[in-house]
Structures are given as C-alpha cells and as structure tokens.
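Every read-out reported here was derived from the displayed coordinates using simple, explicitly stated rules and does not represent laboratory data. These numbers were taken from a predicted model, which means no experiment stands behind them. Heads up, the Cβs are rebuilt from the backbone with ideal geometry, glycines too, and the neighbour counts pull from every protein chain shown.
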Amino acid sequence: APIGTNVTLKAEKPFWGEERSVQTTKTEEWETLSFDFTNAPTDMPTLALLFDFVAGSSNVGDGSATSTFYFDEIKYANVPLGGIEESKELFSVYPNPTSDKWTVRNPSSTGCTIQIFDLKGQQLYQVLTSSQSHTIDATDFAAG
C-alpha cells in the first residue's frame, strides 16, 4: 500500500467497539504497525481490520501489487485476562502437560466461562459452569 495509507484496527463486542488508526510508513515491504488500546475495555473478544477508503484520497486500493495488504501475526499484547488478573492465584488448570483430560479449578462461587481456542483463533470449546471444578475431555478435539 502507498505510504500514508490508514489502517484501522477495531476491538469489539456486541453493541460496542474501540477503534485505533495508524498510517503506513513503508511501501512494498513488511512493516510492524502498533495500535495502542491503553484504557480501552479489556472484554472485547473480536479484532476487526477496517479499510476505510476516503473519497478523493489518493491512497485508495486499486487491486495492483502496490495496493495489496498482507497481514501476519495479528495479536493482542500485554492485555490482562479480564477478571482473572485480580484472582489469578485462585485459578488453576491441571495436569500440565496432558494428553486426554484436564481440570479447570475456579474456587470462586460466582462461576465462570471456560473457552478454548486453537492457534488460529478458532474457538474449540466453551462452557459456562457454576461448579468450582470442571473436567475437559481433550479427546473430543482434533489432533494438533
């Protein structure tokens, strides 16, 4: 993309979102872009890349090699695990390592939602539990 092209990253949840925009400083080469979400809510599980092409702007993609974006290693960095950060000494998962089953223990009386994601960010498992201990059967997941 041409130098000066706006790239917007949005962290969102239903009915709410926080956007941050940065401009490219390089063209036809890899560049690291950082989006500062300091002071944004930490309970927004979705990241969305937005391509806002402003009418009259010379930085509008035309489908050519010079207006092509490649993305790699998009990640949140240094983001607390909303709600767990305050009580992390109470939260445990065992045994580690495991090949078939593991237990999530949360002594909190308020219950919790347990989510498991693969390395591509696909959700593999979710359960809302009010018990203090929950066993997950990993044999239900594909190998890898």
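Some values worked out for this structure:
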| quantity | calculated |
| --- | --- |
| Ranked Ile114, Ile3, Ile136, criterion: other C-beta atoms within 10 Å, fewest first | Ile3, Ile114, Ile136 |
| For Tyr125, Tyr94, Tyr70, order by how many other beta-carbon atoms lie within 10 Å, fewest first | Tyr70, Tyr94, Tyr125 |
| Neighbourhood charge, 12 Å Cβ-Cβ cut-off, centred on Ile3 and excluding it, Lys, Arg +1 and Asp, Glu -1 | -2 |
